[in-house]
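These notes are about the structure you will find just below.
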Amino acid sequence: MVAADAAGQRLDLFLAHNVAEVSRSQLARQIGEAAVTVNGAAGTPSRKLRPGDVVVWTPPPPVPTTIEAEAMPLSVVHEDRWLVVIDKPAGLVVHPAPGHEAGTLVNALLAHVRDLRGIGGELRPGIVHRIDKDTSGLLVVAKDDGTMAALAAAFKAHTVERVYDALVAGKPPGPGGRIDTLYGRDPQARKKFSSRVRAGKRAVTNWRAVERFAGAARVEARLETGRTHQVRVHLAALGCPLLGDRTYGRPARDPAVRAIADALGRQALHARTLAFVHPATGERLLFVSELPADMQAALAALRALPPEKG
């Protein structure tokens, strides 16, 4: 039932605020498919709600995925009957997409977890959040719809702790800070994202300069929100893009730093810490992944650089 403080709200926005596990675009489509009623009648996304309106959402059954299960090695750091936490290597795509129809984390999970098929939708069974192909580190996967919904709600409420290790080119402007911006598609390049937009969702990253080198630094990024490419975009906007980030970065000015980035061969970003309250047990779980070998080598090379003059 619609409370007084939600009066005048659009139906799609009302549902988006109250149904964490489904995106607004998916809900709009489901409204159009008569999966949502208001006072017993089919609703429309733009319908303005009144106090006392009865909104009923009948989610469609999950669509069984046609993605093939593939037996692949996985680094499992925790697993129980409800969820599994994976330490993803760089280079592994999370879910199938054009050009990456096989050999993804989802393909491996379908072979590893019994009855995962279909959870959360066709293309991303069990995937609550994702990290980029060339980013390494931790992510959690749900094994059932209830866990999926609870974890999605926790991410939406920003109660999941996520901390990234980054190696960046340039000098961070100070010891640390908080980046709080609007966030959306780059109007000049639709495949990219930008924090310099006139309208969009809010994105918040807290950062700290951990170590400084000649022409580079090690930065810790703690997320309050989890937008696509958020750490990469925010650090680039700060003037210190990730080493090896060919989308949002640029070749380092210092040839020694540039050589280290080239040797790494990928963006220098690692999802180090993941912590959340277990949806079923109520226990707070904390996982930490050490830097992978390639980033350790890059870090060692940065530490070996001669100090900056002056």
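Is at least one residue of the range 27-39 at pLDDT 90 or above and either in a helix (DSSP H, G or I) or open to solvent by 50 Å² or more (accessible area, probe 1.4 Å) (or both)? Yes, there is a match, as at least one residue in the range 27-39 is at pLDDT 90 or above and either in a helix (DSSP H, G or I) or open to solvent by 50 Å² or more (accessible area, probe 1.4 Å) (or both). Among the residues of the range 260-289, those that are within 13 Å of Ser136 (Cα to Cα), hydrophobic (A, V, I, L, M, F, W, C) and not in a helix (DSSP H, G or I) comprise Ala268, Leu269, Ala271, Leu274, Val288. Scan the range 251-266 for residues that are farther than 17 Å from Met295 by Cβ and in contact with an Asp or Glu (Cβ under 7 Å, 6 or more places away or on another chain) and the total you get is 0.
Counting only residues that are free of Cβ contacts under 8 Å to residues at least 40 places away in the same chain and open to solvent by 50 Å² or more (accessible area, probe 1.4 Å), the range 42-52 holds 4 of them. Does the range 53-67 contain any residue that is open to solvent by 30 Å² or more (accessible area, probe 1.4 Å), in contact with a Ser or Thr (Cβ under 7 Å, 6 or more places away or on another chain) and at pLDDT below 85? No: zero hits. Taking the range 96-107, which residues are closer than 14 Å to Ala142 by Cα and modelled with pLDDT under 90? The answer is Val106, and nothing else. For Ala216, indicate whether it is under 21 Å from Ala153 (Cα atoms), touching a strand residue (DSSP E or B) at 6+ places or on another chain (Cβ under 6 Å) and small (Gly, Ala, Ser). Against the criterion (under 21 Å from Ala153 (Cα atoms), touching a strand residue (DSSP E or B) at 6+ places or on another chain (Cβ under 6 Å) and small (Gly, Ala, Ser)), Ala216 does not qualify.
For the range 224-243, which positions are farther than 27 Å from Thr159 by Cα and open to solvent by 30 Å² or more (accessible area, probe 1.4 Å)? Result: Gly239, single match.
In summary, Arg253 fulfils each of the numbered conditions (1) in contact (Cβ under 8 Å) with a residue 40 or more places away in the chain; (2) crowded, with 21+ Cβ neighbours inside 10 Å with the single exception of condition (2).
Looking across the range 263-286 at every residue that is closer than 19 Å to Gly244 by Cβ and open to solvent by 20 Å² or more (accessible area, probe 1.4 Å), the one that is nearest to the chain's Cα centre (by Cα) is identified as Arg272.
Any chance the range 294-308 includes a residue that's over 26 Å from Arg130 (Cβ atoms) and of a type in the set (D, E, K, R)? Yes, because at least one residue in the range 294-308 is over 26 Å from Arg130 (Cβ atoms) and of a type in the set (D, E, K, R). The residues of the range 287-310 that are among the small types (Gly, Ala, Ser) and either crowded, with 18+ Cβ neighbours inside 10 Å or in contact (Cβ under 8 Å) with a residue 40 or more places away in the chain (or both), listed by number, are Ser289, Ala298, Ala301.
Pairing residues of the range 73-94 that are open to solvent by 60 Å² or more (accessible area, probe 1.4 Å) and modelled with pLDDT of 95 or more with residues that are of a type in the set (Ser, Thr, Tyr) and in a strand (DSSP E or B), at Cβ distances under 6 Å and at least 6 apart in sequence or on separate chains, gives Pro89/Ser136.
The values are calculated or read from the model by the stated rules, or taken from the named source; none is laboratory data. None of these values were measured; they are calculated from a predicted model. No Cβ is skipped: glycine too gets one built from the backbone with ideal geometry, and neighbour counts run over all protein chains shown. We work out accessible area using only protein heavy atoms, side chains counted, and drop any ligands, DNA or RNA first. Shrake-Rupley method; radii C 1.70, N 1.55, O 1.52, S 1.80 Å.
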